[in-house]
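Chemist: What follows is a structure written as structure tokens; I'll ask about it next.
Every number in this text was worked out from the coordinates using simple rules, so none of it is lab data. For clarity, every value in this text was computed on a predicted model and none was experimentally measured. FYI the Cβ positions are ideal-geometry reconstructions off the backbone, even for glycines, and counts take in every protein chain you see.
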């Protein structure tokens, strides 16, 4: 599929869900996330962040991954029922994303919330109750990442946000495009 991107193009999108609300599209509909791009744009942006997932760099973070995994598993309640998805799956995924983004650990669950909201259909009792709530929370997310982006532009580290903020193919993106690449 990667070798035949013209036949397996992402140009028409990658979402199988029903069309979003037009009010969300007005704000977020112009986002083309990295995963939905075709070459050459996809190739250029992929080069920007490729080094973070190079085998040598993954070996460098292996001890941290093991440490965090052990901590999560050792914190599990014994003899009690618990929600495996939330307590283990989501927590480990969120810890690793926060690590890759160098995102403040105290705020890491915001990543989960924002990711859930992106695909949520507003409904009473749902992840978001209204389209307005969805827009407000996504704007909060955009503001948070815009601040991180600006910080990393001036003080880059070895994380995905820094790489995108300073990469030749990505540094001049609009804030809403940053979001499309990170969420």
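Chemist: Only counting other Cβ atoms within 10 Å, I'd like 163, 105, 96 sorted with the fewest neighbours first.
Modeler: 105, 96, 163
Chemist: Also, I was wondering about something else. Taking 25 °C and 0.890 mPa s as the conditions, I'd like the Stokes-Einstein D for region 61-183 in µm²/s, using the Kirkwood hydrodynamic radius from alpha carbon pairs.
Modeler: The diffusion coefficient I find is 153 µm²/s.
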